[in-house]
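Everything below concerns the one structure shown next.
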Amino acid sequence: MRFLFVDRIIAVEPGRTIETLKNVSATEDVFDDHFPGYPILPGALVVESFEQASQLLITITHDFARVGRLRGVQRGTFRQFVRPGDQLHVRCVRTAGDDGAWTVSATAAVDGRRVASAVLDFALVGATDVDKAHAERLRETVRVLRAVPIDATRAGGAA
């Protein structure tokens, strides 16, 4: 992933939930234009952090053999601005689905206060070269984050 909105995996329960952390830095390019003198992380990038955390949950659950394709975002709400210096805690919980599709409920909090939430729908796919390359990038992301040993995720089994 070129733009990574996950700095750390705090916890993961394959097939069920993932918690991640994003340290929002004042040096991020987005703050050059959004907005000068009053920097705010765009809501679309908060949703992107939901999508990336969900992707990690999906690929970890399926031992990096499947990836999710975002089909839709429902009920997105934004309650508070996310600003430079904030730590964005993201929690994604699988609420429905099987091997073909998942629904994930995502929330983001700063200092224990909910700042955003949404429900994301994914189609689960695999087998094509493009999807395998994407899964390998996700595997590398997990390895770099070093918070979740890849072999340890297999204990949860595929869902």
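The values are calculated or read from the model by the stated rules, or taken from the named source; none is laboratory data. Note that the structure is predicted; figures quoted are calculated from it, not measured. Cβ sites come from the backbone with ideal geometry, for glycine too, and all protein chains shown count toward neighbours.
Taking the stated definitions as given, is Val67 within 12 Å of Phe5 (Cα to Cα) and surrounded by 18 or more Cβ atoms within 10 Å (Cβ to Cβ)? If you could, list the steps in order and put the result at the bottom.
On the way: within 12 Å of Phe5 (Cα to Cα): no; surrounded by 18 or more Cβ atoms within 10 Å (Cβ to Cβ): yes.
No; evaluated as a whole, the condition is false for this residue.
Identify the single condition in (1) in contact with a helix residue (DSSP H, G or I) (Cβ under 7 Å, 6 or more places away or on another chain); (2) of a type in the set (S, T, N, Q); (3) farther than 23 Å from Arg8 by Cβ that Thr77 does not satisfy, given that it satisfies every other one.
(1)
Can you tell me which residue among Thr20, Thr61 is more than 11 Å from the chain's Cα centre (by Cα) and polar (S, T, N, Q)?
Only one candidate passes the filter, namely Thr61.
One residue is enough: does segment 97-120 have a residue meeting the conditions buried (at least 19 other Cβ atoms within 10 Å of the Cβ), closer than 18 Å to Ser49 by Cα, within 13 Å of the chain's Cα centre (by Cα) and among the β-branched types (Val, Ile, Thr)?
Yes: segment 97-120 contains one or more residues that are buried (at least 19 other Cβ atoms within 10 Å of the Cβ), closer than 18 Å to Ser49 by Cα, within 13 Å of the chain's Cα centre (by Cα) and among the β-branched types (Val, Ile, Thr).
Go through (1) surrounded by fewer than 19 Cβ atoms within 10 Å (Cβ to Cβ); (2) within 29 Å of Val125 (Cβ to Cβ); (3) not small (Gly, Ala, Ser) one by one and return the number of the condition Gln52 breaks.
It is condition (1) that Gln52 fails.
What number of residues within segment 95-111 satisfy the criterion of being at pLDDT 95 or above and more than 18 Å from Val47 (Cα to Cα)?
Total meeting the criteria: 3.
Name the pairs whose Cβ atoms lie under 6 Å apart, with the first residue in segment 41-54 and under 21 Å from Glu13 (Cα atoms), the second assigned to a helix (DSSP H, G or I) and modelled with pLDDT under 95, and 6 or more positions between them or separate chains?
No pair meets every condition.
Looking at segment 68-96, which of its residues are among the charged types (D, E, K, R) and closer than 15 Å to Ala53 by Cα?
The answer is Arg69, Arg91, Arg94.
So which residues in segment 14-37 are surrounded by 16 or more Cβ atoms within 10 Å (Cβ to Cβ) and at pLDDT 95 or above, if there are any at all?
Pro14, Gly15, Thr17, Ile18, Glu19, Thr20, Leu21, Lys22, Val24
Could you run through segment 29-71 and say how many residues are under 22 Å from Val110 (Cα atoms), in contact with a Gly (Cβ under 9 Å, 6 or more places away or on another chain) and among the charged types (D, E, K, R)?
1
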